[in-house]
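Visitor: Below you will find the structure I want to go over with you.
Every number here is computed from the coordinates shown, using simple stated rules; none is lab data. This is a predicted model, so every value here is computed, not measured. Cβ placement follows ideal geometry from the backbone for every residue including glycine, while neighbour counts extend to all protein chains displayed.
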């Protein structure tokens, strides 16, 4: 059977693949610890859940406009102005079934066959695949451990050509936890704007920061930035609302209108109940975020210290998000549990089978020398998972 170009060229999500494998093994009664999904292990705060329940009992169970309810879009505008210094009108807002859909809608609205999309690497797995969906070409700019996984202005300038249409920036970053400074963003995004290149600024992890790191929204650097930068955010990470599926994009009204038109035919609007809960998330108390980040910080410090104590493993201390991205190339060629591994896929498979711990291979994020480990799981799981890893490597 011959499938479409898109189906042939797009690869499955590595994070979802590992998560599904873990769930299937648990269903079979196998004791395995999963570090794959980027999903906070916290329950959605009570006030947000109550708002969702109230919406059901109030009969808010009908279709909404594709772009979202006016009340939610106004709440998003208020949030962007208060927290990020970005002034948008509701007509410049699109809500979607998660930030992932918002990113995809914008890529599909902007990019065509022959266009190029610059993506700093390591990168979130869906950026390249969504670019391929549009028929465009992902151009990956590799950033190293030594550079704290941040690309330079020179790298970006060297990658630009007449086909460059878009750049995707993610700070704080999945999978590395790296955070770009304001100065770096002004240089790189400023270069994009000067060269008439659009920028998607994926800010889904904006509230999850450590060690005094600051989040910065490049759309706020000036009117020309506001016109070229599409800001994407969502509720999954900051409010532990992964299953609710709610994200949004804000930007140039023409771009947003075209992205909404595409969403008309994909999903229409996201759940009316979820949107009601989202309004409460933005307008209600925010103490939950601070408490959650404090717990992530404890896990981060323990995990990175443990990883750096392992022979053949090194890990940069992440400044944001909730991922470690250890370099495991020092393990390649070694005999581990009687087997020799030479890449991240091989090591992940070995660890699942022999140690019953599941990470995601770095190859899927653009670097075969690394693994991605989510510490959005309990400290007990982290301690037990690291003990299993240490025992296997020591054996």
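Visitor: Rounded, prolate or oblate: which fits the stretch 257-395, taking a ≥ b ≥ c as square roots of the Cα gyration tensor eigenvalues, rounded meaning a/c under 1.5, else prolate when a/b beats b/c?
Guide: The shape class here is prolate.
Visitor: Any chance you could check the Cα centroid distance between the stretch 13-62 and the stretch 250-279 for me, in angstrom?
Guide: Rounded to whole Å, the Cα centres lie 22 Å apart.
Visitor: Would you please give the FRET efficiency between residue 354 and residue 163, computed as 1/(1 + (r/R0)^6) with r the Cβ-Cβ distance and R0 = 41 Å, to the nearest 0.05? Walk me through the numbers before you get to the answer.
Guide: Working: r = 46 Å, r/R0 = 1.11.
Efficiency at R0 = 41 Å is approximately 0.35.
Visitor: For the chain, what is the per residue volume of the convex hull drawn over the alpha-carbon atoms, in cubic angstrom?
Guide: With only Cα atoms used, the chain gives 154 Å³ per residue.
Visitor: Still on this model: In degrees from 0 to 90, rounded to the nearest 10, what is the angle of the helix 287-308 Cα long axis to the longest principal axis of the chain?
Guide: Roughly 30 degrees between the two axes.
Visitor: While we're looking at this one, here's another question. How high is the relative contact order of the chain, in percent, counting Cα pairs under 8 Å that sit 6 or more residues apart?
Guide: Relative contact order for the chain comes out at 22 percent.
Visitor: Where the eigenvalues come from the Cα gyration tensor of the stretch 5-163, what are the semi-axes √(5λ) of the equivalent ellipsoid, largest first, in whole Å? List each step's numbers first, then the result.
Guide: Working: eigenvalues 199, 142, 65 Å².
Semi-axis lengths for the stretch 5-163 are 32, 27, 18 Å.
Visitor: So how far, in whole Å, is the C-alpha centre of the stretch 370-395 from the one of the stretch 187-244?
Guide: Cα centroid to Cα centroid, the span is 31 Å.
Visitor: Go ahead and set up a Gaussian network model of the chain, Cα springs under 10 Å, then flag whichever of 50, 28, 74 fluctuates most.
Guide: 28
Visitor: What is the P(r) of the stretch 120-177, as percent of Cα-Cα pairs per 10 Å bin from 0?
Guide: Distribution as computed: 21, 55, 24, 1 percent.
Visitor: Here's another thing I want to ask about it. Under a 10 Å cutoff between Cα atoms, tell me which one of 167, 25, 133 has the largest fluctuation in the Gaussian network model of the chain.
Guide: Of 167, 25, 133, the Gaussian network model singles out 25 as fluctuating most.
Visitor: Follow-up question, since we're still on this one. Name the shape class, rounded, prolate or oblate, that the alpha-carbon gyration tensor gives for the stretch 184-254, where a ≥ b ≥ c are the square roots of its eigenvalues, rounded holds for a/c under 1.5, and otherwise prolate holds if a/b is larger than b/c and oblate otherwise.
Guide: Verdict is oblate for the stretch 184-254.
Visitor: Further question: If you wrap the stretch 38-82's Cα atoms in a convex hull and average its projection over all directions, what's the area in nm²?
Guide: One quarter of the hull surface, i.e. the mean projection, equals 4.9 nm².
Visitor: When a/c is below 1.5 the answer is rounded, else prolate if a/b is larger than b/c, else oblate, so apply that to the stretch 157-288 with a ≥ b ≥ c taken from the square roots of the Cα gyration tensor eigenvalues.
Guide: Working: a/c = 2.17, a/b = 1.27, b/c = 1.71.
Here the stretch 157-288 falls in the oblate category.
Visitor: Report the paramagnetic label zone for residue 253: residues of the stretch 75-94 whose backbone N is under 20 Å from a point 7 Å from Cα along the Cα-to-Cβ axis.
Guide: Within reach of a label on residue 253: 75-81, 86-94.
Visitor: Could you give the length gained on full extension between residue 224 and residue 285, defined as 0.36 nm per residue of separation minus the Cα-Cα distance, in nm?
Guide: Extending this stretch completely gives an extra 18.6 nm.
Visitor: Compute the convex hull volume of the Cα atoms of the stretch 29-120, divide it by the residue count, and report the result per residue in Å³ as a whole number.
Guide: Normalising the Cα hull of the stretch 29-120 by residue number yields 244 Å³.
Visitor: For the pair residue 147 and residue 113, what calculated FRET efficiency results from E = 1/(1 + (r/R0)^6), where r is the Cβ-Cβ distance and R0 = 25 Å, to the nearest 0.05?
Guide: The pair residue 113/residue 147 has a calculated efficiency of 0.15.
Visitor: Separate question: Tilt of helix 379-394 relative to the longest C-alpha principal axis of the chain, in degrees (0 to 90, nearest 10)?
Guide: Here the helix axis deviates by roughly 40 degrees.
Visitor: Rounded to the nearest 500 deg cm²/dmol, what is the calculated helix-only ellipticity per residue at 222 nm for the chain, with -39500 (n - 2.57) per DSSP H run of length n ≥ 4?
Guide: Mean residue ellipticity, 222 nm, calculated: -13000 deg cm²/dmol.
Visitor: Just the number, please: Stokes-Einstein D of the stretch 1-44 in µm²/s, Kirkwood Rh from C-alpha pairs, 37 °C, 0.692 mPa s.
Guide: Working: Rh = 12.8 Å.
Diffusion coefficient, whole number: 256 µm²/s.
Visitor: Output the 0 to 90 degree angle, nearest 10, between the alpha-carbon long axis of helix 182-194 and the longest principal axis computed from the alpha carbons of the chain.
Guide: 60 degrees
Visitor: Here is a further query. Given 25 °C and 0.890 mPa s, compute D for the stretch 89-151 with the Stokes-Einstein relation, Rh being the Kirkwood radius over Cα pairs; round to the nearest whole µm²/s.
Guide: Result for D is 190 µm²/s.
Visitor: So if we plug the beta-carbon distance of residue 339 and residue 42 into 1/(1 + (r/R0)^6) with R0 = 56 Å, what FRET efficiency do we get, rounded to 0.05?
Guide: After rounding, the FRET efficiency stands at 0.95.
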